[in-house]
Amino acid sequence: MMKKIDSFDEFYTQVEYYVNVAADFGSDFVCFPEIFTTQLMSFLEEKRPDQAVRRLATYTEQYIDLFTELAVRYNVNIIGGSHFVEEDGDIYNVAYLFRRDGTIEKQYKIHATPNERKWWGIAEGNEIHVFDTDCGKIAIQICYDIEFPELARIAVDKGANIIFIPFCTDDRQGYLRVRYCAQARAVENQVYTVIAGTVGNLTHVENMDIQYAQSGIFAPSDFAFARDGIVGECDANIDTVVVGDVDLEILRRSRNSGSVRQLRDRRRDLYRVELKGLKFE
């Protein structure tokens, strides 16, 4: 829930509540929304968006310490949404993976939206990562990135079984772009996708005043998976937690012997995806 807060301690309490809920369900992963740390802007008293993000970036160390401590204490792998980070004078939108063993990884947003460039001057990342976890390989694609199908194909070819998608959208059309693309990527690549978005209002923060989201967990569309390819979803614009079970063994078998096998049946003689000189056929 995006709301006005008065201190970092209040933010800490909010985050810990959701991690605690996820841990109570025995979750292996918890995924927070994109740039939900912009709640901190509500007490920073900086009205210019381009300067507010730089003030927000000064909380990066506290943000990392918070999620590292919670991941270890609650024994859950956390995708900490995303956060604005300043490096060499540039501001990046970065998603962090906080493993429950205390180690940390990060994925930079590859495609900045026109809005991000206009209001915040966000720079773009250049690397697509797949991360090892104690539950298999995962990838993180921040919001707009899931709308570029090549990224998901590359991640799956590099071994990803789950793609986590922290997102932030302010209207239904934007949300549906993320959702439809996440479901399409699940079908195209025989992979699980998880979307987590912001709800609520930040009335005191320029360019973050309204939110629209409906978080969910999606599967490929075949007999072995959940009906309609939806493992779980919440009601739209409700502050809640979505919990669902994904079975990587069913995923493996489906890739080998499902009704359709998009990964195996590609026409490798006709087309391929290339990344910095690496070919994924």
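Considering segment 179-211, and only residues there that are β-branched (Val, Ile, Thr) and in contact (Cβ under 8 Å) with a residue 60 or more places away in the chain, the residue that is surrounded by the most Cβ atoms within 10 Å (Cβ to Cβ) turns out to be 198. Taking segment 15-53 as the range and being under 13 Å from residue 67 (Cβ atoms) and either free of Cβ contacts under 8 Å to residues at least 24 places away in the same chain or small (Gly, Ala, Ser) (or both) as the test, only 22 passes. Being hydroxyl-bearing (Ser, Thr, Tyr) and surrounded by fewer than 20 Cβ atoms within 10 Å (Cβ to Cβ) is the filter here, so list the residues in segment 93-109 that pass it. 103, the sole residue that qualifies.
Residues that are touching a helix residue (DSSP H, G or I) at 6+ places or on another chain (Cβ under 9 Å), buried (at least 16 other Cβ atoms within 10 Å of the Cβ) and either of a type in the set (A, V, I, L, M, F, W, C) or touching a residue at least 60 places away in the same chain (Cβ under 8 Å) (or both) within segment 212-229 comprise 213, 218, 219, 225, listed in sequence order. Considering only residues in segment 248-279 that are touching a strand residue (DSSP E or B) at 6+ places or on another chain (Cβ under 9 Å) and surrounded by 15 or more Cβ atoms within 10 Å (Cβ to Cβ), the one that is farthest from residue 135 (Cα to Cα) turns out to be 273. Is it the case that residue 264 is touching a helix residue (DSSP H, G or I) at 6+ places or on another chain (Cβ under 9 Å) and free of Cβ contacts under 8 Å to residues at least 24 places away in the same chain? It is true that residue 264 is touching a helix residue (DSSP H, G or I) at 6+ places or on another chain (Cβ under 9 Å) and free of Cβ contacts under 8 Å to residues at least 24 places away in the same chain. Out of (1) of a type in the set (Ser, Thr, Tyr); (2) within 21 Å of residue 129 (Cβ to Cβ); (3) surrounded by fewer than 16 Cβ atoms within 10 Å (Cβ to Cβ), the odd one out for residue 82 is which? Of (1) of a type in the set (Ser, Thr, Tyr); (2) within 21 Å of residue 129 (Cβ to Cβ); (3) surrounded by fewer than 16 Cβ atoms within 10 Å (Cβ to Cβ), only one is false for residue 82: (3).
Coordinate-derived values only; no laboratory data. From a predicted model like this one, the values you see are computed outputs, not experimental measurements. Every residue, glycine as well, gets a Cβ built from its backbone with ideal geometry; the counts of neighbours run over all protein chains shown.
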